[in-house]
Amino acid sequence: MKLHLAEGLNLPVDFATQTLLVVGKRGSGKSNTAVRLAEQLFAAQIPFVAVDPVDNWWGLKSSKDGSAPGLPVTIFGGSHADVPLEATGGALVADVIVESRVSAVLSIRHFSNRDRARFVADLFDRLYRTNREPLHVFLEEAHEVAPQSPFKGDEEMLGRVTRLWKLGRSSGLGGSAITQRPASLSKNITTQAEILIVHRLIGPQDVAAIKEWIKYHGESESILAELSTLQTGEAFLWAPDFPEGTPIGLRRVRILQRETFDSAATPRAGQVRREPRVLASPDLESLRERMAATIERAKADDPRELRKRIAELEQQLKAKPNAAPERIIERIEIPSITTEHERTVDEWVERIGPMMESGVKAINDVAQRFVGLRGLLTVSAAGQNGRKVDSTVHVNKSAKPSPIVNRPPADGDIHLNRLAERKILQVLAQHGPRTIRQLAIQAGYAMGGGGFRGALSKLKGVNYIIPTTDGRMTITGDGTAAIGAVDDLPTGKDLVAYWMSQFNRLAEREVLRIVSEAYPDALPLEEIAARCSPPYEPNGGGFRGAVGKLRTLGLIEGRGEMRMSDDLA
């Protein structure tokens, strides 16, 4: 079977293990090209996985006009999710895809930059190590996960994406990198592409990036002058060595339209966005059965299960406040801490950090708070910052249960004498459950700041706020009573103005102003720097420092292209 991409152009199914670069300015047809290839792979019964940071690939599930089912691909995460997606689930999702041989879309738009980096790194590492049959990976907005100039924390993600791109064929893996900003895409991804599809392109830096590919493959640069003349849907396809023996070479083609619903179409002013009426339903029951063993294996190796068990005990105690738990833990095995678990342990330590006076005392305090049995659970901890813990948690059987620590305080036990505590409760009272990131931004604090974290710890300790099942924070009845009538907090433009007033440096204020004016669109870093008043050098330390600070605070997101955070909007 051939992959029918354009009139008179069919690619052999061996394309599945090739690397492809699809570039073009916004609206030139590059996303249509990628989806067309995915549809053809599906028809050839070759699975694919699309990593989608913009939540635009779900249209595969409906017909072109939205009146009939499309392809029964599984959507993980996003606005049309069949299965929820967590930042810690990269390796698990990879296992499910490899073992079940399903085609999947992984919508990661809802992840913070840190969570995105973690998820993609784990996903690509596991795919590379475990896959052995043909599987094609699509990277939408590839410069987001493989940036030429990575920010701190992106290095591992970039390294694992690059490894798969360079060496993945031996594991049955191929990939398509799709981007409107080839200048912002890692040169290791650009030059390693074996096939190039280039739509209309006019930016000098982006044209120069294509020139790099041409030079790397020893080809003529004659087409560069024609790139700006291409019509929407037209492209140059260049495959100097594929297929082996009878290479396609260079062709100017018009890519055929996708056969599924165009969920990436930009709505015009005054136009109501059209939604499909029918979506295909993947066989979730069968997938769930196949996932069961994979999930159980993951649980056995996941230190988070300890926290989950503690939470279950807490709920038992709340249900029976005057009685000991029905079952006392005899022994809990914590898997040895490995590199893969390191970040999970870091998050655990970060949570208990505000209470930490010493490693041993902090963990015992947490055990008392969650379990409510003083002295029943003892833990030893050692090492820098408490990161290396003993592999066993033992029960002190001689101890007797003490009253539950995490109880609502009696009247007068606590006063909201810190502004951070009041603001946190105000946000939750006004807006309902919030993620920690949303909560920090809307309350006007840095998410990792000591004041904000300390206030969170105190409010949780007195049961004024509690976590929901999906990891957000919500206000309790005691918290609502404590805060009473709430004053209005800034939202929308007023919240942006508040944050701008918090920066002493002009660079932070200008960058935030530019991305807020462009919202919801993303802008290349070069354009943001040029729009600032006065303009900045895109690679200058002052500008890069401002962008990094705003990203750390969660006010903007992205890499090669930046946009204002939805949480701030």
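I'm trying to understand the selection: among the residues of segment 90-108, which are surrounded by fewer than 22 Cβ atoms within 10 Å (Cβ to Cβ) and without any contact (Cβ under 8 Å) to a residue 60 or more places away in the chain? Across segment 90-108, the qualifying residue is only Arg101. Just one residue in the set Glu155, Glu144 is in contact with a Lys or Arg (Cβ under 8 Å, 6 or more places away or on another chain) and among the acidic types (Asp, Glu); that residue is Glu144. Among residues of segment 109-120 that are closer than 10 Å to Glu557 by Cβ, those with a beta-carbon under 7 Å from a residue that is in a helix (DSSP H, G or I) at least six positions away or on a different chain give the pairs Phe111/Ala87; Phe111/Phe119; Ser112/Arg437; Asn113/Arg551. Apart from one condition, Ile255 fits all of (1) in contact with a helix residue (DSSP H, G or I) (Cβ under 6 Å, 6 or more places away or on another chain); (2) free of Cβ contacts under 8 Å to residues at least 60 places away in the same chain; (3) β-branched (Val, Ile, Thr); the exception is (2). If the condition is being assigned to a helix (DSSP H, G or I) and at pLDDT below 85, then segment 481-499 contributes Ala481, Ala482, Ile483, Gly492, Lys493, Asp494, Leu495, Tyr498, Trp499. Could you tell me how many of the residues in segment 537-569 are touching a strand residue (DSSP E or B) at 6+ places or on another chain (Cβ under 6 Å) and in a loop (DSSP other than H, G, I, E, B)? Count: 3. Considering (1) assigned to a helix (DSSP H, G or I); (2) touching a residue at least 40 places away in the same chain (Cβ under 8 Å), the lone condition that Gly159 does not fulfil carries the number (2).
For first residues located in segment 209-237 and at positive phi, partners that are assigned to a helix (DSSP H, G or I) and lie 6+ apart or on another chain with Cβ distances below 9 Å form the pairs Gly233/Asn32; Gly233/Thr33. Lys64 falls short on exactly one of the conditions (1) crowded, with 18+ Cβ neighbours inside 10 Å; (2) charged (D, E, K, R); (3) in contact (Cβ under 8 Å) with a residue 60 or more places away in the chain, and that condition is (1).
Results for (1) part of a helix (DSSP H, G or I); (2) within 19 Å of Thr33 (Cβ to Cβ); (3) in the same structural domain as Asp55 (by TED's automatic domain parsing), shown as yes or no for each residue.
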position	(1), (2), (3)
Phe138	no, yes, yes
Arg163	yes, no, yes
Ile178	no, yes, yes
Gly218	no, no, yes
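In segment 148-168, the count of residues that are of a type in the set (Asp, Glu) and closer than 20 Å to Gly24 by Cβ is zero. Considering (1) in contact with a Leu (Cβ under 9 Å, 6 or more places away or on another chain); (2) crowded, with 24+ Cβ neighbours inside 10 Å, the lone condition that Arg181 does not fulfil carries the number (1). Taken over segment 42-57, the criterion of being touching a residue at least 60 places away in the same chain (Cβ under 8 Å), in a helix (DSSP H, G or I) and surrounded by fewer than 24 Cβ atoms within 10 Å (Cβ to Cβ) is satisfied by Phe42 alone.
Considering segment 228-283 alone, what residues qualify as being of a type in the set (Val, Ile, Thr), at pLDDT 90 or above and either out of contact with any strand residue (DSSP E or B) (no Cβ under 6 Å at 6 or more places or on another chain) or in a loop (DSSP other than H, G, I, E, B) (or both)? Residues satisfying the conditions are Thr229, Thr232, Thr246, Ile248, Thr260.
Among the conditions (1) surrounded by fewer than 17 Cβ atoms within 10 Å (Cβ to Cβ); (2) in contact with a strand residue (DSSP E or B) (Cβ under 9 Å, 6 or more places away or on another chain), the only one that Ile465 does not satisfy is (1).
The values are calculated or read from the model by the stated rules, or taken from the named source; none is laboratory data. Computed from a prediction, not measured in an experiment: that's the story for all the values here. A quick note on method: Cβ atoms are made from the backbone with ideal geometry, for glycine too, and the neighbour counts reach across all protein chains shown.
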